[in-house]
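The block underneath contains the structure these notes are about, expressed in structure tokens.
The values are calculated or read from the model by the stated rules, or taken from the named source; none is laboratory data. Predicted, not measured: the structure shown is a model, and the values here were computed from it. Positions of Cβ are backbone-derived with ideal geometry, glycine not excepted, and every protein chain shown enters the neighbour counts. With ligands, DNA and RNA removed, areas are computed over all heavy atoms of the protein, side chains included. Shrake-Rupley method; radii C 1.70, N 1.55, O 1.52, S 1.80 Å.
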Amino acid sequence: MSTGFSAMSRRMGSAGFLYRMFAALALAGAGFPAHAQSIQLALPIACEPGRTCYIQNYTDLDPSRSARDYKCGTLTYDDHNGTDFRLPSLPVQRAGVDVRAAAGGRILRTRNDAPDGAFTKSGREAVREAECGNGVVIEHPEQWETQYCHLAAGSVSVKPGDKVDLGQPLGRVGLSGLTEYPHLHFTVRHNGAVVDPFAYGVRPESCEGGQSLWLAALRPKLEYQERAILNAGFTTGPVTMELIEDGSAESQKPSAGSMAIVAFVRAIGLKAGDAQWLLIKDPLDNVIAENRSAPLQANKAQFMLFAGKKRPPGGWERGSYKATYVVERDGQVVLRKDLELML
């Protein structure tokens, strides 16, 4: 497979502490020796998995037109050749999130002049032959390569021939190339072939086994999650996916004078058959709003649900308003989020 940027992505404070810790482990001997067959990888993005970033997609391990991730799950799509570390919203991306070298090596190629948002504004033709957008390719010992896509325009801080250390900043997460949301697409190759850093060498059609290429201290942070909540909060009116993505929903927090109280949740990785409900209780423990969704007919990369109530004639009761979001499957709760708003 080509290692050019067009082949990279055909579809689409505490963080600093984690990096220092992983870098120290690597320098202390966690890195691979001269004749090792596997590389040891640090997190390629300055975030906390499961809190300030989320894995949206894994490498597709199904050679057919179907798709499956390394757990035989649904968190991938056909021909996806890397791991997508997604940021929860555009304001987080605009604040600046570093992309960092997952291992030490030498810069092979870079791109730094692709505009952000070209795909969302003009469609696929706008990013033809530049699906990766701005990116970096690093060569490592033992024929390993790592590749980093969708960096912000003008943010790439390295050039071909540079030597980089584990954890060294390469640029920032952006919206360049073929992407609809801010994320880092991270690809690992060995001897020119794409490999899954979560299950290197896994047997075909197996849902278990293979070798994790991540540093040992990082692996608990990267445990597989079938579903996750990307955004949740209270706002003052009807919610759309766009309002969540651009941060407007979270920024409009209700007050005692608000015309409505609305709770919202955006989840990723939901499955066909999942049933969801979201309700709000007032300070007297009365249910004032509820939204129950029919079981999903198909898997959903992301799904948004909200429930709300207009201000009653006498105004809002002062105190604690509580919202509960639940995903149920076969009668079991598989995802839950509790929220609280004080008026």
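Structure summary
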quantity	calculated
Strands (runs of 3 or more DSSP E) contained in the range 64-167 and holding at least 3 residues modelled with pLDDT of 95 or more and charged (D, E, K, R)	105-111
Number of positions in the range 81-97 that are of a type in the set (D, E, K, R) and either crowded, with 21+ Cβ neighbours inside 10 Å or within 10 Å of the chain's Cα centre (by Cα) (or both)	2
Members of the range 206-219 that are under 16 Å from Pro44 (Cα atoms) and open to solvent by 80 Å² or more (accessible area, probe 1.4 Å)	Arg219
Leading residue by the ranking (modelled with the lowest pLDDT) among those in the range 178-205 that are of a type in the set (Gly, Ala, Ser) and surrounded by fewer than 19 Cβ atoms within 10 Å (Cβ to Cβ)	Gly201
Answer from Ile280, Ile288, Ile268, Ile261 - the residue that is among the β-branched types (Val, Ile, Thr) and open to solvent by 20 Å² or more (accessible area, probe 1.4 Å)	Ile288
Residue count, the range 172-228 (criterion: among the hydroxyl-bearing types (Ser, Thr, Tyr) and assigned to a loop (DSSP other than H, G, I, E, B))	5
Number of the exception - Asp338 against (1) acidic (Asp, Glu); (2) in contact with a Lys or Arg (Cβ under 9 Å, 6 or more places away or on another chain); (3) outside any strand (DSSP E or B)	(3)
Unique residue being within 26 Å of the chain's Cα centre (by Cα) and part of a loop (DSSP other than H, G, I, E, B) when the list is Gly237, Gly233, Gly315, Gly273	Gly273
